[in-house]
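What follows is a set of notes on a single structure, which appears directly below.
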Amino acid sequence: MTERHAVARVRHELRRRLLTVKTAERLTPSMVRVTLTGDDLAGFVSAGYDDHVKIFLPLAGQELPVWPALGPDAPALPAGTVASPMRDFTPRRHDPARGELVLDFALHEAGPATEWAAAARPGAKLGIGGPRGSFVVTDDFDWYLLIGDETALPAIGRRLEELRPGVPAIVLAAVAGSEEEQAFATRTALDVRWVHRPLAGASDPAPLLEAAAGLSLPPGDGYIWIAGENDTVKLLRRHFVEERGHNRSWIKAAGYWRKGSAGFHENHNEG
Ligand SMILES: Cc1cc2nc3c(=O)[nH]c(=O)nc-3n(C[C@H](O)[C@H](O)[C@H](O)COP(=O)(O)OP(=O)(O)OC[C@H]3O[C@@H](n4cnc5c(N)ncnc54)[C@H](O)[C@@H]3O)c2cc1C
């Protein structure tokens, strides 16, 4: 018999892939959806909705990413070459039959990923590595709560597509305005609460915290997933674990970015 409420980590063989942009389109004014394709996608596996790939971004004027070879004995990059910036992104959708991988980029003020996505055109190249592993949560909870900002929407959208029909799913999502709200394809009993705040205030925890404090949660066992700006994520997790006494094994929280830091990632699942 399968363990109830099991959460499991699955490891994957680490591979690098060079992919080609098939399409790049604005999902909303500040969200770019990039569909990638290429023979290198063969064997790609993404088992968890909050998996991430490392993307290797060719700099302006470069056609291909510059990346060191894998492995302990791999040669260093030739002198004078600069490695491509790497950032973490969620495999929003993987379609092995069509040979496509979709990534959604939330555009913000500046950064290599934002600049690359805003300018992405069919034929452009992108390097990806991973996912190294997946965190798989069985779909046997009584309800789900998914909270985050723009950067969390790809994982939230994917989770909503995967969850079983009729299960209560509450989403608390911070975006700049109604023009940034997304429609989700889901069979869940979905309750979406959009929280509007300007993008310039994306690191202010107050709007999401206030919305979280006002939530009444359904009865039974629930799984809570939180991602977005690091301080906001930490405060939200504290609210549910310390103030509401939510079972700390049934909450996953990750800082997807931090104001003033490039390429930041932190998990908050201990203690
Ligand atoms: C596991 C994981 C999965 C992720 N999945 C996605 C995804 O699917 N889609 C997605 O869009 N993002 C995702 N992110 C977040 C993304 O990796 C970061 O936002 C990243 O910093 C963007 O890179 P950049 O080159 O644009 O900016 P950087 O060069 O990394 O940062 C430049 C500056 O911009 C600030 N900044 C970074 N992100 C934001 C933001 N969203 N809003 C406002 N300011 C910001 C930084 O604090 C820094 O000061 C994920 C992160 C993690 C850890």
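Do we have residue 156 as closer than 26 Å to residue 26 by Cβ, among the β-branched types (Val, Ile, Thr) and in a helix (DSSP H, G or I) here? When the stated conditions are applied, residue 156 passes them.
Taking the criterion of being part of a strand (DSSP E or B) and basic (Lys, Arg), no residue of region 163-174 qualifies. The set of residues from region 97-116 being more than 8 Å from the ligand (Cβ to nearest atom), touching a Ser or Thr at 6+ places or on another chain (Cβ under 9 Å) and more than 22 Å from residue 179 (Cβ to Cβ) comprises 98, 99, 100, 101. Annotation: of all residues in region 136-153 being surrounded by 19 or more Cβ atoms within 10 Å (Cβ to Cβ) and over 17 Å from residue 230 (Cα atoms), the one that is farthest from the ligand (Cβ to nearest atom) is 143.
No other residue among 112, 58 is under 23 Å from residue 154 (Cα atoms), at pLDDT below 95 and touching a Pro at 6+ places or on another chain (Cβ under 7 Å) apart from 58.
At least 2 residues being closer than 29 Å to residue 114 by Cβ, within 16 Å of the ligand (Cβ to nearest atom) and free of Cβ contacts under 8 Å to residues at least 60 places away in the same chain is the threshold, and among the strands (runs of 3 or more DSSP E) wholly inside region 175-271 those reaching it are 189-196, 251-257.
The values are calculated or read from the model by the stated rules, or taken from the named source; none is laboratory data. Keep in mind it's a predicted model, so treat the numbers as computed, not measured. Methodologically, a virtual Cβ is constructed for each residue, glycine included, from the backbone with ideal geometry; neighbour enumeration extends over all protein chains shown.
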